[in-house]
């Protein structure tokens, strides 16, 4: 690798209408892929829940996501942030973007002030409650399901907001993380997301979690179009629409930083 290589880096608040809300993601556009150790080191240095990297291909862009600890198969907010960078900063003129990822092709379409992401649905199925999950949340859910993450369902939004997670126990779980959720008071449902095993104690707004939450709540509430809020400290709003085996997730994004890193 050449010494003192310069790489452009954006920090974008995804699922936010102004800075200091939603979920911050770093985005690095690349001309060609760096080695995996360098990508992971950049993500660790950024110390955000996700750093996204993309490289142009004949049909769109190859897209990868890294937490401070490892590469992941799917990330919603960093995909939203990557599309925002392309539309707002890199002169992308199409109405939609195709990203090739480890989870297949993902699509992002600009719709006025919102970006709509087309992701695969991941319907969770009921499972036994792992002991570490109950110990880690400090309260027993009324229902537990599993997909890429555990989904722990509670009786109220207030219960979800009050959870004080013990990350020592949650880090022992075998899946990526834990989504806690309940029916909302002002939205159809609320959630929070914990993934300490991946270096993310609590993620502010997790698009990929809604690939499981949307089909679950669509079934519970009998509606395909749902409003959602992730009730982390920063918080963020999403609109979810279930379309067969796909979930459409819509939100806005704002740029916090446009910078350059040296490696």
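Taken together, the values in this text are just the output of simple stated rules run on the coordinates, not laboratory data. Only a predicted model underlies this, so the values are computations on that prediction, with no experimental measurement involved. Here the Cβ positions follow ideal geometry from the backbone for every residue, glycine too, while neighbour counts run over all protein chains shown.
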With the contact rule set at Cα under 8 Å and sequence spacing of 6 or more, what percent relative contact order holds for the stretch 1-136? 16
Report, in deg cm²/dmol and to the nearest 500, the calculated mean residue ellipticity at 222 nm for the chain, where each DSSP H run with n ≥ 4 adds -39500 (n - 2.57) and the sum is divided by the residue count. -5500 deg cm²/dmol
Between 120, 215, 130, where does the largest GNM mean-square fluctuation fall for the chain, given springs only between Cα atoms within less than 10 Å? 130
Quickly rank 245-252, 202-209, 31-38 as a protection proxy: mean count of other C-beta atoms within 10 Å, highest first. 202-209, 245-252, 31-38
Note down the relative contact order for the chain as a percent, whole number, built from C-alpha pairs under 8 angstrom at least six residues apart. 24
Area projected by the alpha carbon convex hull of the stretch 125-244, averaged over all directions, nm²: 6.6
Could you let me know the centre-to-centre spacing of the stretch 185-243 and the stretch 20-66, using Cα atoms, in angstrom? 23
Please report the relative contact order for the stretch 125-244, taking Cα pairs under 8 Å with a sequence separation of at least 6, and give it as a percent rounded to a whole number. 19
What is the extension gain from residue 256 to residue 35, computed as 0.36 nm multiplied by their sequence separation minus the C-alpha to C-alpha distance, in nm to one decimal? 76.8 nm
Per-residue Cβ neighbour rank within 10 angstrom, fewest leading, 127, 28, 211, 75: 127, 28, 211, 75
For Rg and Dmax of the Cα atoms in Å, which listed value, [x] 18.8, 65; [y] 17.2, 53; [z] 17.8, 57, comes from the coordinates shown? [z]
